[in-house]
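Notes follow the structure.
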Amino acid sequence: MFALLLLGAVATVTGLQQLSWHSIAALRWDALKPYAVVVAGGMFFAEICSRWLGIHRLAAGGIVATGIALTTGTTGALLVVAWIALASHVVGSTVLTVWSKRSDGPSVLISVLVGAVIYGSLIGLAAHRPINYPGVYAMALALPVVFGWRQVRAALLSMKTFARSKSTSWLDLLIVGVALLHFVLGLMPETGHDALASHLFIPAHLAARHAWGFDVSLYAWAVMPMMGDWLFSLGYMLAGEAGARLVNVGFVLANCCLVRELVLWAGGSRAGAKWGALLLLTTPLTLLESSSLYIESVWAAFAVAGALSLFRALQRDGQRPADIRAAAILLGGALAAKAITLAILPGLFIVFLARFRLWATKASAGRFARALGLFGLVGCVPYLTAWVLTRNPLFPYFNEIFRSKLWPLANFQDSRWTKGFKWDTLYQATFHSEVFLESWPGASGFQWLLLLLPAVVLVAHKGKQRALAILFAGALSAVVTFQSIAYLRYIFPAFVLMAALIAAAFSQPENTFPIGKRALWIAGSVVILLNLVFLRSATHYGDIGAQPLLSSTGREAFVRQRLPIRSAVDLVNKLNLDDAPVAVFSSPLGAGLHADALYPSWYNLSFERAVSGADSTDAMAKALVFAGSDYLILDGAWGTPAQRKLIEAASDPVAEFVPIAVRRVKEQYRFAQELLRNPEFAGDDGWQLSPHMPDRSVGRISVDVAAVATQQIPVVAGRRYKNSATSVCDAQPTQGRLQVNWMDAKGRFVATNIQVFECTAEAKSHSMKVRAPRKAATAVVYASGQTTIPVTFSEVSFKQ
């Protein structure tokens, strides 16, 4: 162990000496100063609060967080997250203890996470229908709290008891300081690429449109597993962006609590459990997860909690049904959050087989068989949805195998990252993190070089079966994942498991001989210090500023300066009243857009082909109009100068948020193509005429409310159309009617648009702009009167 510690120290010093410190922006004092202020300030106020009120330091940290929320105007978001946790606890504990004794129930943390899986699953099902409203979500959270008030009361009393306990460990204070840093970072405006492209886009879209379209023609990722996004939607629906981001921070802290539970389960000490939680909190990759809406925090919490529940179910002191059920639900939730969960399951399955003698009874086998069914029920919903909609359960991945007609027959993959786990991967991931992540060196943390191998030796030497189970599951999942894609975010559950392994190995009572204990404390302190110095190395979105936290004006200024496209999205929402699709010629950062976003990229291959194939202004305008777009967002650096010139020629400027511009398609290109046959009634071609029409002659037609003329034409759902008519009423003034009925592919009625107008002796034109609703395949265009008095039409038009 000492030899490995020395070897790790030599490797770490060598790597640090080879770094170009001046070129790493994350290590500059101006970048780290706000972090130091928040951590130091949080520790200072927490200690004062703890001594003044005589409460535990962690409870004092909660009070400081509440004070920060009050100061920043995000108290509502914090309360919503607490509400979600309480409701999830009631739902989770009820599900896990039904048909069994409540005393056999798992920990509060496991209950909360199981409840979160259930809420996420329900939201995923509800997303198919336009029923997603704040009132519905509030009711879903309120009912468990009302009917499960005894469980809520018990949870609050246990929190009160904990708060009154004493805290003598300085580890508690340091944990509070770093946790408050994650909390404050979660209150900042969202600037992350993945979040604005999808993980915040989906909750905002769900709140604005009340349903998710699952339309892979608009977003190629529309049917991917979205458990994390559904849970972010729960926070967003009730508390906006701050609610979603605090839900994410809550799951980051849940992972730290899971490290604690794993360490204690594996036989480690309470101090070791705190040290393991601090180790994970200070890992730069963990800060990446809290700095933006990535889903790995949710995914890792479900995967690790599922693994812990399975380990507990395989203990010698009995298999509690609640543990087996929790493992099934949580691992199913992990699979519903990310398909790469399949890389975690082999290690757990081998551990399961190794404990064959403990479950090879008829009763136990029955329980695990039912759990397997529950796992499939929870985890396979997104893959079944993808199969039904695309004939590829992993769309757009592995399409060479599944051969969906909605994607090219090629396996979609991210070519930026390498594959394989080599002998020097730990060193490379530490000091050349940019090869494994969009980051600076040090993003993976320094524990893997200094502490991991000595921990493995200790565990292997002592033969600690529980710690070996953690080691095997975590290590195998990382190796299997790296064989597919060597990307650090995709092994975040392994980070959680390995942090627990290190803490458990070093805090076993028999490993605390004086010299070894001192060496391990020194090594651990060095790791924590290095992690804090390199804390920003994993994230490009970790800015902390007073102005965006303390005022809405400062927040808007921060967003406009950092990401002007978000200001452009806000303006388009105000102008685009009918929510027509918006073409986004920029990075796909359209979160908050009320309409569908049209991205000329792999997100939307048909639109990408139309835009890239446009070689004239007319062709570019046609691509925009056919896609149903009125407004567009153009980045001054997007595409080629020739493409930008064509887009600018086909549109008029509306506003500038340099370098982003909001533009509108020129009027001359909109509604330029006539879709009706014989719109001027030169003959009967195309029209279905009633047998008892008041009058019919070349170039005109008279109709009333009973005798109408109709024409059916194919349409594209979501596309905008203009229905217009020219009419006159020579004999007597009356009312005419513009009407379009929308039918689906099977001829079933979907919706209708009607506009009544006044018809007089003077010929006038009337029009209405309509948008084909979802599922519309055919439009039935009417020439009709509103009363029994005839109306004479000389033209009826329907243009796109």
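Data overview
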item: Which listed residue is surrounded by 13 or more Cβ atoms within 10 Å (Cβ to Cβ) and at pLDDT 90 or above, from Gly373, Gly347; result: Gly347
item: All positions within the stretch 550-586 that are within 25 Å of Arg720 (Cα to Cα), touching a Ser or Thr at 6+ places or on another chain (Cβ under 6 Å) and assigned to a loop (DSSP other than H, G, I, E, B); result: Pro581
item: Filtered residue count, the stretch 137-158, keeping only those that are in contact with a helix residue (DSSP H, G or I) (Cβ under 8 Å, 6 or more places away or on another chain) and more than 19 Å from Thr97 (Cβ to Cβ); result: 5
item: Residue list for the stretch 633-672, filter: under 30 Å from Ala783 (Cα atoms) and either in contact with a Phe, Trp or Tyr (Cβ under 9 Å, 6 or more places away or on another chain) or of a type in the set (Lys, Arg) (or both); result: Val665, Lys666, Arg670, Phe671
item: Number of positions in the stretch 277-321 that are touching a Lys or Arg at 6+ places or on another chain (Cβ under 8 Å), assigned to a loop (DSSP other than H, G, I, E, B) and not hydrophobic (A, V, I, L, M, F, W, C); result: 3
item: Selection status of Val145, among the β-branched types (Val, Ile, Thr), in the same structural domain as Val81 (by TED's automatic domain parsing) and farther than 24 Å from His199 by Cβ; result: yes
item: Selection count, the stretch 223-249, where residues are of a type in the set (Gly, Ala, Ser) and either within 30 Å of Leu520 (Cα to Cα) or in contact with a Pro (Cβ under 7 Å, 6 or more places away or on another chain) (or both); result: 2
item: Candidate set: the stretch 713-743, residues that are closer than 30 Å to Phe607 by Cβ and of a type in the set (D, E, K, R); chosen: the one farthest from the chain's Cα centre (by Cα); result: Lys722
item: Matching option when the condition is assigned to a loop (DSSP other than H, G, I, E, B), more than 24 Å from Ile754 (Cα to Cα) and either of a type in the set (Gly, Ala, Ser) or outside the structural domain of Gln735 (by TED's automatic domain parsing) (or both), among Gly686, Gly718, Gly639; result: Gly639
item: Which numbered condition Gly135 misses (of (1) among the small types (Gly, Ala, Ser); (2) at pLDDT 95 or above; (3) surrounded by 13 or more Cβ atoms within 10 Å (Cβ to Cβ)); result: (3)
item: Complete set of residues in the stretch 442-461 that are among the small types (Gly, Ala, Ser) and in contact (Cβ under 8 Å) with a residue 24 or more places away in the chain; result: Gly442, Ala443, Ser444, Gly445, Ala455
item: Lone unmet requirement of (1) among the β-branched types (Val, Ile, Thr); (2) surrounded by 14 or more Cβ atoms within 10 Å (Cβ to Cβ); (3) more than 30 Å from Ser587 (Cβ to Cβ) for Val665; result: (3)
item: Some residue of the stretch 415-424 being among the polar types (S, T, N, Q), exposed (fewer than 15 other Cβ atoms within 10 Å of the Cβ), at negative phi and touching a residue at least 12 places away in the same chain (Cβ under 8 Å); result: yes
item: Yes/no for Ile63 being assigned to a helix (DSSP H, G or I), without any contact (Cβ under 8 Å) to a residue 40 or more places away in the chain, over 30 Å from Ser433 (Cβ atoms) and out of contact with any strand residue (DSSP E or B) (no Cβ under 9 Å at 6 or more places or on another chain); result: yes
item: Of the criteria (1) outside the structural domain of Val611 (by TED's automatic domain parsing); (2) outside any helix (DSSP H, G or I); (3) aliphatic (A, V, I, L, M), which one Leu532 fails; result: (2)
item: Residue list for the stretch 207-217, filter: part of a helix (DSSP H, G or I) and over 14 Å from the mean Cα position of the chain (by Cα); result: Ala208, Arg209
item: Matching residues in the stretch 529-547 - criterion: being over 18 Å from His193 (Cβ atoms) and either crowded, with 22+ Cβ neighbours inside 10 Å or without any contact (Cβ under 8 Å) to a residue 12 or more places away in the chain (or both); result: Leu529, Asn531, Phe534, Leu535, Ala546, Gln547
item: Answer from Ala242, Ala271, Ala254 - the residue that is touching a Ser or Thr at 6+ places or on another chain (Cβ under 9 Å), part of a helix (DSSP H, G or I) and more than 16 Å from Ile175 (Cβ to Cβ); result: Ala242
item: Residues of the stretch 483-493 satisfying the condition of being in a helix (DSSP H, G or I), in contact (Cβ under 8 Å) with a residue 60 or more places away in the chain and under 21 Å from the mean Cα position of the chain (by Cα); result: Leu488, Arg489, Tyr490, Phe492, Pro493
item: Every residue from the stretch 9-38 that is part of a helix (DSSP H, G or I), touching a residue at least 12 places away in the same chain (Cβ under 8 Å), under 16 Å from Ser537 (Cβ atoms) and within 31 Å of the chain's Cα centre (by Cα); result: Ala25, Ala26, Leu27, Ala31, Leu32, Pro34, Tyr35
item: Residue count for the stretch 380-413, restricted to those that are more than 24 Å from the chain's Cα centre (by Cα) and in a helix (DSSP H, G or I); result: 3
item: Hey, Val559 under 18 Å from Phe201 (Cβ atoms), modelled with pLDDT of 95 or more and not acidic (Asp, Glu) or not; result: no
item: Candidates Leu308, Leu293, Leu280, Leu262 - the one that is buried (at least 24 other Cβ atoms within 10 Å of the Cβ) and within 17 Å of the chain's Cα centre (by Cα); result: Leu293
item: Single residue of the stretch 149-190 satisfying the filter (more than 19 Å from Ala65 (Cβ to Cβ) and surrounded by 20 or more Cβ atoms within 10 Å (Cβ to Cβ)) that is modelled with the lowest pLDDT; result: Gln151
item: Selection from the stretch 72-100 of residues that are buried (at least 23 other Cβ atoms within 10 Å of the Cβ) and closer than 28 Å to Arg367 by Cβ; result: Ala87, Ser88, His89, Val90, Val91, Gly92, Ser93, Leu96
item: Among the residues listed as Leu634, Leu598, Leu571, the single one being in contact (Cβ under 8 Å) with a residue 40 or more places away in the chain, in contact with a helix residue (DSSP H, G or I) (Cβ under 8 Å, 6 or more places away or on another chain), closer than 30 Å to Met237 by Cβ and not assigned by TED's automatic domain parsing to the domain that holds Arg209; result: Leu598
item: Candidate set: the stretch 739-767, residues that are in contact with a strand residue (DSSP E or B) (Cβ under 6 Å, 6 or more places away or on another chain) and assigned to a loop (DSSP other than H, G, I, E, B); chosen: the one nearest to Asp704 (Cα to Cα); result: Ala763
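The values are calculated or read from the model by the stated rules, or taken from the named source; none is laboratory data. This is a predicted model, so every value here is computed, not measured. Note: ideal-geometry Cβ built from the backbone for every residue, glycine included; neighbour counts use all protein chains shown.
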